[in-house]
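Undergrad: Here it is: the structure, laid out below.
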Amino acid sequence: MDIRLLHPSDIPHVQQTNITNLPENYFCKYYLYHALSWPQLSYVAVDVSRPKKTPYDAPKIVGYVLAKMEEDPADGIQHGHITSLSVMRTHRRLGLAEKLMRQSQKAMYETYNGVYVSLHVRVSNVAALALYKDTLGFKVIGTEAKYYADGEDAFSMRMDLEHLKQEALDEESDEEDSMGKDEGAAVGSEGKAGEGEVKKDAGEPKRKVRVGRQLGVGELVERNESAK
């Protein structure tokens, strides 16, 4: 299974996934608006278990997350929003929804310095609530009456992205630690010296030698002339 960024060419297949699984459907231009305005935030899950028969075969998209940054946040805080999330029934219980969400959240923080991410979910959607609350760590901050077109209420949920800052710092610290360590062993005559061989220059007095870069250009020319 491949989790990658949403490409504009994926939109018809993403729309089909949406129509198959969710009652909230969108026009293609709405997906395109997300893909062009915030190209780093929306992802698709592609089933690559069966190789393409021809280069022109469409990717088998089995899940997606459509996300954006709030353009005019009411609270004045830069944050992201999950517009839509869906995984085909044939590919559920594989952790795809969680992977899609975490990838999008990471991009919100790294690309746009998002402070938190918000979303809405139907009050009757028990499975989605379990994913958001128990797996991802979202919290319900309120209920919006008749949020959906059919009149159903929605829970307004939110999750802070502060933990991603700490994760980024930990990764930088690990990289610095690994760069400071010399994991290589001595090679050649240096490596053999510890195996019983004596270095040829052991005990010999060291003397300084002048190299080409320390000599002036004139001195080098004169030496070359005298050598003829």
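Undergrad: What number of residues within the stretch 59-83 are more than 20 Å from Pro12 (Cα to Cα) and in contact (Cβ under 8 Å) with a residue 24 or more places away in the chain?
TA: Residues meeting the conditions: 7.
The rows are residues; the columns are (1) in contact with a strand residue (DSSP E or B) (Cβ under 6 Å, 6 or more places away or on another chain); (2) within 21 Å of Glu144 (Cβ to Cβ); (3) among the hydroxyl-bearing types (Ser, Thr, Tyr).
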{"residue": "Leu22", "(1), (2), (3)": "yes, yes, no"}
{"residue": "Lys29", "(1), (2), (3)": "no, no, no"}
{"residue": "His34", "(1), (2), (3)": "yes, no, no"}
{"residue": "Ser42", "(1), (2), (3)": "yes, no, yes"}
{"residue": "Thr83", "(1), (2), (3)": "yes, yes, yes"}
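Undergrad: So which residues in the stretch 1-34 are within 23 Å of the chain's Cα centre (by Cα) and without any contact (Cβ under 8 Å) to a residue 40 or more places away in the chain, if there are any at all?
TA: If the condition is that a residue be within 23 Å of the chain's Cα centre (by Cα) and without any contact (Cβ under 8 Å) to a residue 40 or more places away in the chain, then Leu5, His7, Pro8, Ser9, Ile11, Tyr31, Leu32, Tyr33 are the ones that fit.
Undergrad: Could you tell me how many of the residues in the stretch 7-16 are in a helix (DSSP H, G or I) and open to solvent by 60 Å² or more (accessible area, probe 1.4 Å)?
TA: The total comes to 5.
Undergrad: Still on this structure: Please tell me if Ile19 is assigned to a helix (DSSP H, G or I), touching a Cys at 6+ places or on another chain (Cβ under 6 Å) and at negative phi.
TA: no
Undergrad: Within the stretch 102-130, which residues are within 10 Å of His79 (Cβ to Cβ) and in contact with an Asp or Glu (Cβ under 6 Å, 6 or more places away or on another chain)?
TA: Scanning the stretch 102-130 gives a single hit, Tyr116.
Undergrad: Has the stretch 46-58 got any residue that is under 16 Å from Ser9 (Cβ atoms), under 24 Å from the mean Cα position of the chain (by Cα) and of a type outside the set (A, V, I, L, M)?
TA: Scanning the stretch 46-58 turns up no residue that is under 16 Å from Ser9 (Cβ atoms), under 24 Å from the mean Cα position of the chain (by Cα) and of a type outside the set (A, V, I, L, M).
The values are calculated or read from the model by the stated rules, or taken from the named source; none is laboratory data. Small disclaimer: the values here were computed from a predicted structure and weren't measured. Ideal geometry is used to build each Cβ from the backbone, glycine not excepted, and the neighbour counts take in all protein chains shown. Ligands, DNA and RNA are excluded from the accessible area calculation, which covers all protein heavy atoms including side chains. Shrake-Rupley method; radii C 1.70, N 1.55, O 1.52, S 1.80 Å.
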